[in-house]
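The values are calculated or read from the model by the stated rules, or taken from the named source; none is laboratory data. The shown structure was predicted, so the numbers you read here are calculated from the model rather than taken from an experiment. Reconstructed Cβ throughout: ideal geometry from the backbone, glycine too, with neighbour counts over all protein chains shown. For accessibility, only protein heavy atoms count, side chains too; no ligands or nucleic acids. Shrake-Rupley method; radii C 1.70, N 1.55, O 1.52, S 1.80 Å.
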Amino acid sequence: MGAQLRVYKRRIKSVTATKKITKAMEMIAASRIVKAQRKVAASTPYATELTRAVTAVATGSNTNHPLTTETDTPTRAAVLLITSDRGLAGGYSSNAIKAADQLTERLRGEGKEVDTYIVGRKGVAYYGFRERKVAESWTGFTDSPSYADAKKVAAPLIEAVTTETAEGGVDELHIVFTEFVSMMTQTPVQNRMLPLSLDKAAEEAGTKGEILPLFDFEPSAEDVLDALLPRYVESRIYNALLQAAASEHAARRRAMKSATDNAGDLINSLSRLANAARQAEITQEISEIVGGASALADATAGSDK
């Protein structure tokens with residue numbers, strides 16, 4: 001019985017140490033959510049005004065440009081998937097990967113070839129384990145992305161969009177990331193970044209139904225769109241990276257809170273079992289003492305006779 005009590009004590013000690021770790025990770029994730037939310041809020045005005053500028057140029061000109069003009073028969077598409085570098089975040093990465101798989105399946109069903117670009121070690125490991133081809137990948141910054149990281153990710157995507165499909169370019173650019181809705185809700189979303197839908201862009205910029213002023217473009221509308229294209233893609237990717245970072249921290253905080261609560265429940269259960277084992281051990285010792293005393297009394301009584 002003493003050996004069983006020692007086993008319970010070791011398990012309680014181990015679970016208590018795990019609980020301290022998960023509680024610390026929960027508090028760290030909670031503190032990082034606030035910073036990530038502030039970055040998302042700071043990046044939104046720039047992205048909105050940039051979308052407004054693109055909408056104004058596209059509406060005020062008849063220029064055919066990869067930013068706003070759809071191909072009659074698109075044959076190739078690029079999908080950017082944003083996951084996390086670290087685990088212990090519940091189903092955060094797996095949900096984004098599942099959304100990317102659904103998007104890829106739909107695009108292939110439309111007869112399009114798909115080039116996959118991945119941000120985050122979890123996505124890279126998933127595709128690597130299944131031996132799926134990845135056009136390019138980036139890791140090491142998912143929990144705190146910077147605009148420089150967004151530019152690094154956007155560069156090959158912009159090049160693919162501006163290259164003819166016969167030379168390895170793409171007709172469409174899609175992005176899959178996890179949108180931060182609230183501390184308890186993070187939703188994987190699939191957005192088509194390019195070609196830009198003017199109706200959707202006007203809705204995002206708050207100009208839907210609004211009569212836009214007429215502009216003169218210098219040197220030309222095409223040159224203006226050429227200058228806006230990289231800025232638009234970079235800003236959208238940066239905003240998606242920030243949304244994903246906030247979602248990752250929120251998912252990790254929720255997962256670590258659940259782990260901490262489960263550890264507490266397990267400690268209580270093990271404590272009850274340990275107390276029961278200790279009580280059984282004490283009862284057995286008392287029984288042995290009483291039994292020994294009774295046997296001694298019987299032996300003494302027999303000798304007196």
(message) Could you list, ordered by first residue, the pairs with Cβ atoms under 9 Å in which the first is in the stretch 165-187 and over 20 Å from THR116 (Cβ atoms) and the second is in a strand (DSSP E or B) and aromatic (Phe, Trp, Tyr), at least 6 apart or interchain?
(response) GLN186/PHE180; THR187/PHE180
(message) Of everything in the stretch 165-178, what is open to solvent by 20 Å² or more (accessible area, probe 1.4 Å) and part of a loop (DSSP other than H, G, I, E, B)? Give them in sequence order.
(response) GLY168, ASP171
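Residue by residue, here is whether (1) in contact (Cβ under 8 Å) with a residue 24 or more places away in the chain; (2) part of a helix (DSSP H, G or I) holds:
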position: ALA78; (1), (2): yes, no
position: GLY90; (1), (2): yes, no
position: LYS98; (1), (2): yes, yes
position: ASP115; (1), (2): yes, no
position: PHE141; (1), (2): yes, no
position: LEU157; (1), (2): yes, yes
position: THR163; (1), (2): no, no
(request) Find the residue count for the stretch 105-137, including only residues that are under 20 Å from the mean Cα position of the chain (by Cα) and closer than 16 Å to PRO188 by Cβ. (result) 7
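Please go through the stretch 199-249 and give me each residue that is modelled with pLDDT under 60 and either under 30 Å from LYS122 (Cα atoms) or open to solvent by 20 Å² or more (accessible area, probe 1.4 Å) (or both), ordered by number. Walk me through it before giving the result.
Of the residues in the stretch 199-249, the ones modelled with pLDDT under 60 are 199, 201-213.
Once the filter is applied, which keeps residues that are modelled with pLDDT under 60 and either under 30 Å from LYS122 (Cα atoms) or open to solvent by 20 Å² or more (accessible area, probe 1.4 Å) (or both), the stretch 199-249 yields ASP199, GLU203, GLU204, GLY206, LYS208, GLY209, GLU210, ILE211, LEU212, PRO213.
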(message) Within the stretch 103-119, does at least one residue satisfy the condition of being closer than 29 Å to ALA255 by Cα and of a type in the set (Gly, Ala, Ser)?
(response) no
(request) Of the numbered conditions (1) within 20 Å of ALA246 (Cβ to Cβ); (2) more than 16 Å from the chain's Cα centre (by Cα); (3) buried (at least 18 other Cβ atoms within 10 Å of the Cβ), SER31 fails exactly one; give the number of that condition. (result) (3)
(message) Which count do you get for residues in the stretch 67-95 that are in contact with a strand residue (DSSP E or B) (Cβ under 6 Å, 6 or more places away or on another chain) and under 27 Å from THR162 (Cβ atoms)?
(response) 8
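Please find, among LYS39, LYS122, LYS19, LYS23, the residue that is touching a Leu at 6+ places or on another chain (Cβ under 6 Å), open to solvent by 60 Å² or more (accessible area, probe 1.4 Å) and assigned to a helix (DSSP H, G or I). Can you show your working first?
Details: LYS122 fails: touching a Leu at 6+ places or on another chain (Cβ under 6 Å); LYS19 fails: touching a Leu at 6+ places or on another chain (Cβ under 6 Å); LYS23 fails: touching a Leu at 6+ places or on another chain (Cβ under 6 Å).
Going through LYS39, LYS122, LYS19, LYS23 in turn, just one is touching a Leu at 6+ places or on another chain (Cβ under 6 Å), open to solvent by 60 Å² or more (accessible area, probe 1.4 Å) and assigned to a helix (DSSP H, G or I): LYS39.
Just the residues that are open to solvent by less than 70 Å² (accessible area, probe 1.4 Å) and out of contact with any strand residue (DSSP E or B) (no Cβ under 9 Å at 6 or more places or on another chain), please, taken from the stretch 129-146.
Matches in the stretch 129-146: GLY140, ASP143, SER144, SER146.
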(message) Among the numbered criteria (1) aromatic (Phe, Trp, Tyr); (2) farther than 18 Å from LEU103 by Cα; (3) at pLDDT 75 or above, which one does PHE177 miss?
(response) (2)
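So which residues in the stretch 179-197 are outside any loop (DSSP other than H, G, I, E, B) and surrounded by fewer than 20 Cβ atoms within 10 Å (Cβ to Cβ), if there are any at all?
Within the stretch 179-197, the first condition is being outside any loop (DSSP other than H, G, I, E, B), and the residues that meet it are 179-180, 186-194.
Within the stretch 179-197, GLU179, THR187, VAL189, GLN190, ASN191, ARG192 meet the criteria.
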